[in-house]
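Each remark here refers to the structure printed beneath this line.
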Amino acid sequence: MTPFSRLGLVATALLLNSLSAHAQSLDDVVVTASRAQARSFDAPAAIQLVDRSAIQNGGPQVNLSESLVRVPGLTMLDRNNYAQDLQVSIRGFGARSAFGIRGIRLLIDGIPASTPDGQGQGSSVSLTSMDRIEVLRGPLAQLYGNASGGVIQAFTKPASKTPLLDYQYFVGDYGLHRADYQFSDTVGDYGILADYSTFSIDGYRDNSRTERKQFNGKMDFNPNDQTRVNLVFNQFDMPLAQDPLGLTAAQWAANAQQQGRNSLGTKTAADFGVRKTILQNQLGGSAVYSIDKDRSFTSRMYYGTRDNLQFQVGTTGINANGAWTGLSRTYYGLGLQYNAKVELADTPVEWMAGYEFDRSRELRKAGTASLGQQVLTNRNEENQAENSDLFAQATAQVSQSIAVVGGLRSSNVRFSSTDYQTNGAASGDVSYGATSPVLGMTYFATDHLNLYANYGQGFETPTLAEVAYKTSAGAPVGAFNPGLNASTSRHYEVGTKWVPDRTSRIDLAVFQIDATDEIVVDATAGGKTSYKSAPGTSRTGIELGASTQFTPHVMASLSANLIEAKYSQTFTSATVAGATTILAGNKIPGIPQTSVYSELAWTSEAVRTGAKTPAPGTRLAIEMVHSGRIYANDTNTTAVDGRTVFNLSASQRWSVDKARVSTFVRLNNASDERYAGSVIVNSSQYIEPGLPRNWMLGLSVTAPF
């Protein structure tokens, strides 16, 4: 039986058995696919919306993986390691990232949370204050620039019309504590939302304690009848994130809670004080000026700083007792976009054009450490990345049943490095450029059935973190590496969206992606990773999303995807023992071959279709999360088996006068499955253990005053 046949049987069985998640309705409005408001059903792309209810039901709202696990084609592997963030990939792009999000465009309220090199941090999203999250996959994502995989865009909740206070508190296994305080009001013409949250956890594994504090504030107002302005400020402060490192297969078998060790096995992560601290501040604003009902200008500006200090495990030589890396980053950017609706030869056309400029400057220092304290600085350089892009997109309704979309983005990305440590000996610069076209068509077969097809060319540069290391004697060393090429890719997609009634929907997409010069892991050691360009890769996949409401009290939906991601050409990779041949046909590591999410939910009160606030009463749900086999290295000699995890949740909501009170309880991994949560690609210590059975309790109070 073929992999696609297996996926079809799994999806059909799950759908018939009503294991499900939150339904996506016909009238959900999204902006990410076309940069203008449109129904998700009409958008000529694979796009999913995750609303506030799904975000809140997903857990304590710490990680994007809690709620976005329900999106087909999006893989979020929770490493249970807050020093390295989540492993996020869309259609396989981003899976190789050693930390953070790369190759996926991340935006918050229209303001980029990704730097010009395509790297971002999922922890930048303050989930407690988010209203919805949109995930765009496929060719149209190329119009967002350096983002071959897709786009994740989050939107802060609108301000309430009257003063409103929100308080949430969660407690859970392994010392989890989560608190959130939120105020919202509209004063005259000004809408205000302020959200402050704290999070701490001792961690399942040794040396994994984490503390985080986060603030997200938003103000919106209308200076006149034609203009809407949004101002946002957010801060992410992580004063401590211990890193337990990965484990070998033998270490994991012996004790999954232990911390990793150095390559000699003589010292643990705690012996080296392996940890990370981060402080990020960002201020941004956007404005929409409506000339009339058919024409508008949108502008945005932002400025931010990010300080990052990381202590790493010791290797050999001068770094035998440990190493450290410090980054001090300043980033800023601006954008301008024009949207219009016109008629050309009696054909309705919606089009937009714009320009975006973004720049990131970071001072990178590194050196030796002892017992988790800085000793010596042996690297001191300034790295810059900037992009200057023009883009345009148009959708023409050529007949009652056919719409055509076309777009183009011209991208120019430049990296430079100024070496202060050796008087410029390792300085350099490199530039990348590409023109990315997109073309597609939608056939509106009926009022409830759409068919679409898209083609696009992608462009993905290395990140500053990836050009910061070279491979020497089979191991990564700190040195600017301008020899990495930008990856180019060709994306083909066909799909359908069917809404048989107001409470049911099925989305299906099939895709093929061929890439050249894709950046892959070359060598990993001591918390450092170097990269190289692979000559050719291919991805073929199918994604299914389905949801329904069987009765006013029972909801069911499903997301499932299968992907075959492989190297299409043979190449060599570095190891300490010498060059290793990577054969054509080998699977790309870090990418689960199958993923399925499903949930069956029951509510004591009838579900109100389209309601923003859940009705009082009881909600019970069972989730199933399945992830298939994941290869851990390019030679496909190591891998972790797939896993199937069941989660149980219950909540109770009351109305007390004008206040709303909610209680939550979750039991994750109810069957206590032992599994690997994620893998570290091309490392001997490649296993990051998943959590065994664990619980969480929560309380939420929303009250006017």
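The values are calculated or read from the model by the stated rules, or taken from the named source; none is laboratory data. Source: prediction; values computed, not measured. Heads up, the Cβs are rebuilt from the backbone with ideal geometry, glycines too, and the neighbour counts pull from every protein chain shown.
Of these, Pro462, Pro500, which one is part of a loop (DSSP other than H, G, I, E, B) and either closer than 27 Å to Thr115 by Cβ or at pLDDT 90 or above (or both)?
Pro462
Would a scan of the range 455-474 turn up a residue that is of a type in the set (S, T, N, Q), in contact with a strand residue (DSSP E or B) (Cβ under 8 Å, 6 or more places away or on another chain) and farther than 30 Å from Ala525 by Cα?
yes
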Exercise. Right, Ser530: of a type in the set (Ser, Thr, Tyr), part of a strand (DSSP E or B) and either surrounded by fewer than 21 Cβ atoms within 10 Å (Cβ to Cβ) or modelled with pLDDT of 85 or more (or both) or not?
Worked result: no
Exercise. Considering the range 421-452 alone, what residues qualify as being surrounded by fewer than 16 Cβ atoms within 10 Å (Cβ to Cβ) and in contact with a Leu (Cβ under 9 Å, 6 or more places away or on another chain)?
Worked result: Thr435, Pro437, Tyr443, Ala445
For this session: Tally the residues that are without any contact (Cβ under 8 Å) to a residue 40 or more places away in the chain and either within 30 Å of Thr315 (Cβ to Cβ) or in contact with a Ser or Thr (Cβ under 8 Å, 6 or more places away or on another chain) (or both), restricting the search to the range 202-238.
Result: 4
Seminar exercise, completed: By residue number, the members of the range 144-153 that are in contact with a helix residue (DSSP H, G or I) (Cβ under 8 Å, 6 or more places away or on another chain) and outside any loop (DSSP other than H, G, I, E, B) are Gly150, Val151, Ile152
Exercise. Among the numbered criteria (1) modelled with pLDDT of 95 or more; (2) touching a helix residue (DSSP H, G or I) at 6+ places or on another chain (Cβ under 8 Å), which single criterion is violated by Asp307?
Worked result: (2)
Exercise. Considering the range 475-508 alone, what residues qualify as being under 30 Å from Ser263 (Cα atoms) and in contact (Cβ under 8 Å) with a residue 24 or more places away in the chain?
Worked result: Ala475, Pro476, Val477, Gly478, Ala479, Phe480, Asn481, Pro482, Leu484
Problem set entry | All positions within the range 603-644 that are within 20 Å of Gly246 (Cβ to Cβ) and in contact with an Asp or Glu (Cβ under 8 Å, 6 or more places away or on another chain) | Arg629, Arg643
Problem set entry | When residues of the range 565-610 are limited to those that are among the β-branched types (Val, Ile, Thr), under 19 Å from Thr529 (Cβ atoms) and in a strand (DSSP E or B), the one modelled with the highest pLDDT | Ile582
Exercise. Exactly one of (1) more than 23 Å from the chain's Cα centre (by Cα); (2) buried (at least 17 other Cβ atoms within 10 Å of the Cβ) is unmet by Tyr181. Its number?
Worked result: (2)
Seminar exercise, completed: For the range 243-252, the count of residues that are surrounded by fewer than 19 Cβ atoms within 10 Å (Cβ to Cβ) and in a loop (DSSP other than H, G, I, E, B) equals 1
Problem set entry | Test set (1) among the small types (Gly, Ala, Ser); (2) surrounded by 23 or more Cβ atoms within 10 Å (Cβ to Cβ); (3) not in a strand (DSSP E or B) - Gly483 fails condition number | (2)
Exercise. So, of the residues in the range 67-86 that are closer than 16 Å to Tyr174 by Cβ and of a type outside the set (S, T, N, Q), which turns out to be surrounded by the fewest Cβ atoms within 10 Å (Cβ to Cβ)?
Worked result: Asp78
Problem set entry | Neighbours by Cβ (under 9 Å, 6+ apart or cross-chain): first from the range 288-300, touching a residue at least 12 places away in the same chain (Cβ under 8 Å) and loosely packed, with under 13 Cβ neighbours inside 10 Å; second of a type in the set (Val, Ile, Thr) and assigned to a strand (DSSP E or B) | Asp294/Val342
For this session: Look at Ser148 and say whether it is buried (at least 22 other Cβ atoms within 10 Å of the Cβ), touching a Ser or Thr at 6+ places or on another chain (Cβ under 7 Å), at pLDDT 95 or above and of a type in the set (S, T, N, Q).
Result: no
For this session: Specify the residue that is farthest from Ala113 (Cα to Cα); the eligible residues are those in the range 329-344 that are crowded, with 19+ Cβ neighbours inside 10 Å and among the small types (Gly, Ala, Ser).
Result: Gly335
For this session: Kindly indicate whether any position in the range 253-260 is assigned to a loop (DSSP other than H, G, I, E, B), crowded, with 16+ Cβ neighbours inside 10 Å and more than 29 Å from the chain's Cα centre (by Cα).
Result: no
Seminar exercise, completed: Over the range 513-545, the set of residues β-branched (Val, Ile, Thr) and touching a Gly at 6+ places or on another chain (Cβ under 9 Å) is Ile513, Thr516, Ile519, Val521, Thr537, Ile542
Exercise. Taking into account only those residues within the range 112-122 that are surrounded by 24 or more Cβ atoms within 10 Å (Cβ to Cβ) and under 30 Å from Gly698 (Cβ atoms), which is modelled with the lowest pLDDT?
Worked result: Gly120
Problem set entry | Filter result (crowded, with 17+ Cβ neighbours inside 10 Å and closer than 30 Å to Arg228 by Cβ) within the range 162-178 | Leu164, Asp166, Gln168
Problem set entry | Test: Asn633 is surrounded by 18 or more Cβ atoms within 10 Å (Cβ to Cβ), assigned to a loop (DSSP other than H, G, I, E, B) and out of contact with any strand residue (DSSP E or B) (no Cβ under 8 Å at 6 or more places or on another chain) | yes
For this session: Return the residue satisfying two criteria in turn: it lies in the range 387-445 and is more than 30 Å from Ala366 (Cα to Cα) and aromatic (Phe, Trp, Tyr), and of such residues it is nearest to the chain's Cα centre (by Cα).
Result: Phe391
Exercise. Somewhere in the range 50-59, is a residue at pLDDT 90 or above, outside any strand (DSSP E or B), touching a Phe, Trp or Tyr at 6+ places or on another chain (Cβ under 7 Å) and not polar (S, T, N, Q)?
Worked result: no
Exercise. Residue check: is Ala340 within 30 Å of Leu449 (Cα to Cα) and modelled with pLDDT of 95 or more?
Worked result: yes
